[in-house]
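The values are calculated or read from the model by the stated rules, or taken from the named source; none is laboratory data. Nothing here was measured: the structure is a model prediction, and the numbers come from that model. Neighbour counts run over all protein chains shown; Cβ positions are idealised from the backbone, glycine included. Ligands, DNA and RNA are stripped out before the accessible areas are found, and what is left, the full protein with its side chains, is counted by its heavy atoms. Shrake-Rupley method; radii C 1.70, N 1.55, O 1.52, S 1.80 Å.
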Amino acid sequence: MKVLVTGGTGYIGSHTCVELLQNGDEVIIADNLYNSKPEVVERIASISGKAPVFYEADVTDKAAIRKIFAEHQIDAVIHFAAYKAVGESCKIPLRYYRNNLDSALTLLECMQEAGCKNIVFSSSATVYGPNNPVPYVEEMPTYVATNPYGWTKVMIEQILRDISTADPEFSAVLLRYFNPIGAHESGLLGDDPSGIPNNLMPYVVRVASGQLEKLTMYGDDYDTPDGSCVRDYLHVVDLAKGHLKALDYAVNHKGAEAVNLGTGNGLSVFELVDAFEASTGVKVNRVVGPRRDGDLPQIWAGTEKAEKLLGWHAEKTVEEMCRDSWNFVVKSRE
Ligand code: NAD
Ligand code: WQD
């Protein structure tokens, strides 16, 4: 299959490109390198033994995306390209709406012009909002996001459902990721945010490596078993593999389906940091601080639909997630 991967040099996109190439698919990447580096393209090629075609292109640029569809007979698209920082989206909402919505609309118009009917979309567990009980299952209502980033995911999911209602040939899988961590076992690909990280694991590894002084664990007074927040962490390589299953589903079915990609297991902040220390042997200097605004006490996935519809479940352990996250940092410093 020939697959256009927008945001393909980013964290999840790069791991997915490796899996696609190793599966024998042809990969065309469109990324404007807003949050990724050009060397990722060579790294994808060196791991998979096959090179993706790379376009440095902004997905909101219709002429650039049209050109890609004109130059390649694309069978399906995986749409990762987006801004993704929840806190930042509250400060600069307009830029989030412009980038995330415009890129989705531009891409969908170009797909329509080219007659490409299959898309896998990077949605997020954030679409479940603050009012649903755990575990989150796909049938739950998703119309109360808590931040502009989350709203862009809710809105794009709706746009994809509307297109599939209007066009019976259209097929969309809306993948709702939980908390991806980990890195490729080669140590060549991983999560490498610029500036001070917002997410837990990138922060943990920077404290472990001495780049940051200490980790503040946000809150120990939640109504959870140890008082810290519970999340569903999954290995990015498992997540990448889920995209291949979703692609396969998309090209063989019609309509729009939302599917959770998570492990189904909740792990607390304290447990994750303990697991990191135990599996790497590296200490993480840490303190407990106040709660972070907007955090929900516990989030984890219902996983039945992913298993039934896609035949996918997460396989990697928390130890592997921690070990690979750390290995990426160690290799990056060599
Ligand atoms: P990332 O920032 O590492 O990758 C996104 C890539 O898209 C980057 O390489 C960036 O340069 C590119 N990009 C952004 N806007 C673009 C544009 N207009 N045109 C071209 N390229 C553009 O993020 P990620 O963690 O790999 O996330 C991928 C997708 O998954 C995003 O849609 C994100 O919202 C979603 N998601 C991520 C998480 C997570 O925790 N990482 C969780 C749920 C959902
Ligand atoms: C995890 C836990 C923090 C940093 C976010 C988005 C979500 C999705 C995934 C895109 C929380 C705690 C964190 C720190 C800490 N992204 N923490 N100290 O908030 O569950 O999810 O990323 O779609 O939409 O909201 O992930 O990694 O930021 O936090 O104690 O320095 O770690 O309070 O309990 P989150 P996270």
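Remark: spin-label model distance Lys91-Lys308 equals 4.3 nm, labels positioned 7 Å along the Cα→Cβ axis. Using 16 Å as the cut-off for backbone N distance, which residues of the range 105-122 belong to the label zone defined by a point 7 Å from the Cα of Lys254 along Cα→Cβ? Output list for this probe position: 115-119. Projecting the Cα atoms of Gly182, Ala250, Ala64 onto the charge dipole of the chain, computed from C-beta unit charges around the Cα centre, puts Ala64 farthest toward the positive end.
When peptides 17-29, 273-285 are ranked by their average number of other Cβ atoms within 10 Å per residue, the highest-first order is 17-29, 273-285. Here is the tail figure for the range 59-201: Cα pairs spaced more than 28 Å apart come to 25 percent of all pairs. Charge dipole (Cα centre; +1 on Lys/Arg Cβ, -1 on Asp/Glu Cβ; no other charges) of the chain amounts to roughly 500 debye.
Backbone geometry of the range 108-117 corresponds, through the Karplus equation with coefficients 6.51, -1.76 and 1.60 at θ = phi - 60°, to 3J(HN,Hα) couplings of 5, 5, 5, 4, 4, 4, 8, x, 8, 10 Hz, x marking Gly and Pro.
Relative protection proxy for 139-149, 232-242, from highest mean packing down: 232-242, 139-149 (other beta-carbon atoms within 10 angstrom). Only beta bridges with both residues in the chain are counted; by DSSP, about 5 percent of them are antiparallel. For the range 147-163, 3J(HN,Hα) computed residue by residue from phi via the Karplus equation (6.51, -1.76, 1.60; θ = phi - 60°) reads 7, x, 4, x, 4, 4, 5, 4, 5, 5, 4, 5, 4, 5, 5, 5, 5 Hz, glycine and proline entered as x. Computed from backbone phi with θ = phi - 60° and the Karplus coefficients 6.51, -1.76 and 1.60, the 3J(HN,Hα) list for the range 310-316 is 9, x, 10, 8, 6, 10, 7 Hz; x is used for glycine and proline.
In the chain, what percent of the accessible surface is made up of carbon and sulfur (1.4 Å probe, ligands and nucleic acids excluded)?
Exposed carbon and sulfur together represent 49 percent of the surface.
The distance from the alpha carbon centre of the range 34-62 to that of the range 278-334 is 25 Å, rounded to a whole number.
Would you mind getting the accessible area per residue of the chain, heavy atoms of the protein chains only, 1.4 Å probe, in Å²?
Dividing the accessible area of the chain by its residue count gives 44 Å².
Counting only aspartates and glutamates at least 8 places from Lys316 when in the same chain, those with an alpha carbon closer than 12 Å to its own are Glu185, Asp238, Asp324.
Once the chain is represented by equal point scatterers at the alpha-carbon sites, with solvent omitted, what log10 I(q)/I(0) does the Debye formula produce at q = 0.10, 0.13 Å⁻¹? Here the Debye-derived log intensity ratios amount to -0.55, -0.97.
Using 0.36 nm per residue, how much length does the chain from Lys2 to Ile196 gain when fully extended, once their Cα-Cα distance is taken away?
Details: separation 194, 0.36 × 194 = 69.84 nm, distance 3.65 nm.
Taking Lys2 through Ile196 to full extension adds about 66.2 nm, to one decimal.
Of the trypsin sites (Lys or Arg not before Pro) found in the range 130-236, those in coil by DSSP whose Cβ has at most 14 other Cβ atoms within 10 Å are Lys214. Listed cross-link partners Lys245/Lys283; Lys37/Lys153; Lys84/Lys214 are compared with a 30 Å cut-off, the Cα-Cα value being larger for Lys245/Lys283. Over all other residues within a Cβ to Cβ distance under 14 Å of Asp58, the charged ones net out to +1, with Lys and Arg as +1 and Asp and Glu as -1.
Apply 1/(1 + (r/R0)^6) to the Cβ-Cβ distance of Thr165 and Asp295, taking R0 = 35 Å, and write down the FRET efficiency to the nearest 0.05.
In this case the efficiency is close to 0.50.
Other residues whose C-beta falls under 12 angstrom from the C-beta of Val329 contribute a net charge of 0, scoring Lys and Arg +1 and Asp and Glu -1.
What is the gain in length, in nm to one decimal, between Glu334 and Val287 on full extension, counting 0.36 nm per residue of separation less the C-alpha to C-alpha distance?
Difference between extended and current length: 14.0 nm.
Find the centroid of the Cα atoms in the range 220-258 and in the range 125-188, then give the distance between the two in whole Å. Rounded to whole Å, the Cα centres lie 10 Å apart.
Note on Lys37 and Asn23: their simple-model spin labels are 2.8 nm apart, each label 7 Å out from Cα toward Cβ. Since only Val273, Ala208, Thr224 are under comparison, the one whose Cα sits farthest along the positive direction of the charge dipole of the range 154-304, derived from C-beta charges on Lys, Arg, Asp and Glu, is Ala208.
Based on Cα contacts under 8 Å between residues 6+ apart, the range 123-229 shows a relative contact order of 17 percent. Shown here for the range 151-191: GluC sites (Glu not before Pro) in loop regions (DSSP other than H, G, I, E, B) with at most 10 other Cβ atoms within 10 Å, namely Glu169.
Normalising the average separation of contacting C-alpha pairs (under 8 angstrom, six or more residues apart) by the number of residues puts the relative contact order of the chain at 19 percent. Relative contact order for the range 92-174: 36 percent, from Cα pairs under 8 Å spaced at least 6 residues apart, divided by residue count. Every helix of 4 or more DSSP H residues in the chain counts as -39500 (n - 2.57), and over all residues that averages to -12000 deg cm²/dmol at 222 nm.
Each other residue within a Cβ distance under 12 Å of Leu267 adds +1 if Lys or Arg and -1 if Asp or Glu, for a net charge of -4.
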